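Note sheet for the following structure.
The values are calculated or read from the model by the stated rules, or taken from the named source; none is laboratory data. Small disclaimer: the values here were computed from a predicted structure and weren't measured. No Cβ is skipped: glycine too gets one built from the backbone with ideal geometry, and neighbour counts run over all protein chains shown.
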Amino acid sequence: MWENELFFEAVPLLLEAFIKVTLVVTVLGTLIAVVLGLVWAIAVRELPPLLAAPLRFLVDFIRMTPLPVHLLVIYYAFNSLSAMTVGILVIGVHYSTYMAESYRAGIESIRSGQWEAATALSLPASRTWRAVILPQAIRNTLPSLGNWAIAMFKDTPFLIFISVPEMVTRAREFGGQHFTYVEAMTVAGVLFLLASYPTAVLMRKLEKKLAY
Amino acid sequence: MSDFFSGVATALPRLLGEGLLATLVSFAGGAVVMVLVAVVLGLVEHQAPAWLAVIARVIVELFRGSSLVVQLFFFFYVIPTLTGVDLGSTWTAIIALGLNYGAYGAEVVRGSLNAVPRGQWETTTALSMPWATKMRRVIWPQAWALMLPGFNNLMVMLIKGTAVVSLVLLSDITFEADQLRRQVGLWPAFLSALVIYYLIALVVSTVMRWGEGRAQRRLGLGDFQIRQARRDAAKVLAGAAAAEAGSGGSGARREGRDT
């Protein structure tokens, strides 16, 4: 049932995949999502309705359709990109649509007096966003961005669809080679727990600390 | 362009046949298990004695903290080895999806129970209502109205989650689209699949919203309060659905826990 030998063989292998692929995808994907999410949130507010409506539809469409299908489409459509690159880009864009919602909620929580004051001072739009709205909005948004980053981390195994050698893909290969999946899958699950639970607790603390 | 449409015409029957069936079975089964798991774990976390609540908490954190795909493989590869019980692909998918999203749902249930005003709990105590009556007649109808927006989000997540069931050898829409790709080309196959997923999500979301309105009206709330509650829920759940769905901290008032 449980063989210590296989367990000790699986740990370094999966740790390597965890650090080299899973973490890299999460960090780069989060960077893309944090930036693009803000772009969507601001663009939908600032663009003329004729452009904002299709953009909003596209963002909603991406958010309401499954990540594995997006991965497969982009993987086959852009042959020249490596699977890892496709994985980072697609997961980043997918989660940017969630983060756009978080930013939107944060922006909407700003009282209208702030906008009016900026207008009264005839601040240009860029300065209104940079100096007045975003510093307040992002404070409200930060914990939920963190939660989406954790969710993204737990979705990295979806990259198995385009055969990126991340941790769970490797765990399945390892299991296949040794005709038993018990040790490798346990290690993969435990590594996920060890990484995501403390981060989630940290986010909860941050949320309490930032709450007015 | 006409290639594209003839491709779609070839792809649709297969996507809407076997593929749609596998996706819908996983979704419907997963949704039933999800709601059951969420209600049981959420109630236990909120109402049961501490030692039992801790066990429920551990289960919730286990399923929220590890990944859906890991759990799917665990039920598919590891449980049969350890217990000798082979669930088969369909049940594996249903149970893994239901438990994973149910763990998130437990937080929605717990958060909603927390958000039922304290006075409501105190009144039932003052009237010395039995626990079952209290829940059925006073607390649950109010909590139910609060938790439906959270479940709405989780249902959409669950539909998207069913796209992983091809990993346990079910021929769902994603799998069929990948097969059709060779025959009809990339875009006709996958765009059709995406639109089908989108439409399922829209339908489910609309039904859930109708349910929300109904639950609110049964509490005697008008359209204004319904919109208000929806906005509140959207605020709580923006960014919170996946990692922190409706848990006590995220906006829901922390009161009303009757002990």
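For the reader, a short list of remarks on this structure follows.
- Residue within region B:43-66 that is more than 11 Å from chain A (Cβ to nearest Cβ) and not in a helix (DSSP H, G or I) present: yes
- Cβ pairs under 7 Å, 6+ apart, first in region A:137-153 and charged (D, E, K, R), second assigned to a helix (DSSP H, G or I): A:R139/A:L210
- Search result, residues across region A:158-174 that are under 21 Å from B:F63 (Cβ atoms) and free of Cβ contacts under 8 Å to residues at least 24 places away in the same chain: A:I160, A:V168, A:R172
- Residue that is within 11 Å of chain B (Cβ to nearest Cβ) and not in a helix (DSSP H, G or I), where the choices are A:T180, A:T199, A:T156, A:T169: A:T180
Table: residues versus (1) closer than 30 Å to B:S171 by Cβ; (2) crowded, with 24+ Cβ neighbours inside 10 Å; (3) within 14 Å of chain A (Cβ to nearest Cβ); (4) basic (K, R).
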| site | (1), (2), (3), (4) |
| --- | --- |
| B:Y77 | yes, no, yes, no |
| B:T81 | yes, no, yes, no |
| B:L87 | yes, no, no, no |
| B:W91 | yes, no, no, no |
| B:I94 | yes, yes, no, no |
| B:L97 | yes, yes, yes, no |
| B:Y104 | yes, yes, yes, no |
| B:L113 | no, yes, no, no |
| B:P117 | no, no, no, no |
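- Test: residue in region B:161-183 that is within 12 Å of chain A (Cβ to nearest Cβ), of a type in the set (F, W, Y) and under 19 Å from the mean Cα position of the chain (by Cα): no
- Any hit, region B:155-163, residues being touching a Leu at 6+ places or on another chain (Cβ under 9 Å) and either over 23 Å from B:F63 (Cβ atoms) or among the hydroxyl-bearing types (S, T, Y) (or both): yes
- Test: residue in region A:108-117 that is buried (at least 21 other Cβ atoms within 10 Å of the Cβ) and assigned to a helix (DSSP H, G or I): no
- Beta carbons closer than 6 Å, at least 6 apart along the sequence or on distinct chains, pair a first residue in region A:102-123 that is within 8 Å of chain B (Cβ to nearest Cβ) and without any contact (Cβ under 8 Å) to a residue 40 or more places away in the chain with a second that is in a loop (DSSP other than H, G, I, E, B) and surrounded by 14 or more Cβ atoms within 10 Å (Cβ to Cβ) for A:A105/B:A238.
- Scanning region A:1-8 for any residue that is under 22 Å from A:V182 (Cα atoms) and either among the acidic types (D, E) or touching a Lys or Arg at 6+ places or on another chain (Cβ under 9 Å) (or both) turns up at least one such residue.
- So A:V187, is it more than 7 Å from chain B (Cβ to nearest Cβ) and farther than 22 Å from B:V78 by Cβ: no
- Out of B:W121, B:W140, B:W144, sole residue that is without any contact (Cβ under 8 Å) to a residue 40 or more places away in the chain, in a helix (DSSP H, G or I) and away from every other protein chain (no Cβ under 14 Å): B:W140
- If you check B:L113, B:L97 for being within 24 Å of B:A28 (Cα to Cα) and in a helix (DSSP H, G or I), only one passes: B:L97.
- The single condition from (1) within 12 Å of chain B (Cβ to nearest Cβ); (2) at pLDDT below 95; (3) in a helix (DSSP H, G or I) that A:F161 fails is (2).
- Within region B:192-202, the set of residues being more than 8 Å from chain A (Cβ to nearest Cβ) and either more than 15 Å from the chain's Cα centre (by Cα) or of a type in the set (S, T, Y) (or both) comprises B:S192, B:V195, B:I196, B:L199.
- The residues in region A:116-157 that are under 18 Å from A:V27 (Cβ atoms) and among the β-branched types (V, I, T) can be counted, and the count is 2.
- Test: residue in region B:77-93 that is within 25 Å of B:M135 (Cβ to Cβ) and either modelled with pLDDT of 95 or more or touching a strand residue (DSSP E or B) at 6+ places or on another chain (Cβ under 8 Å) (or both): no
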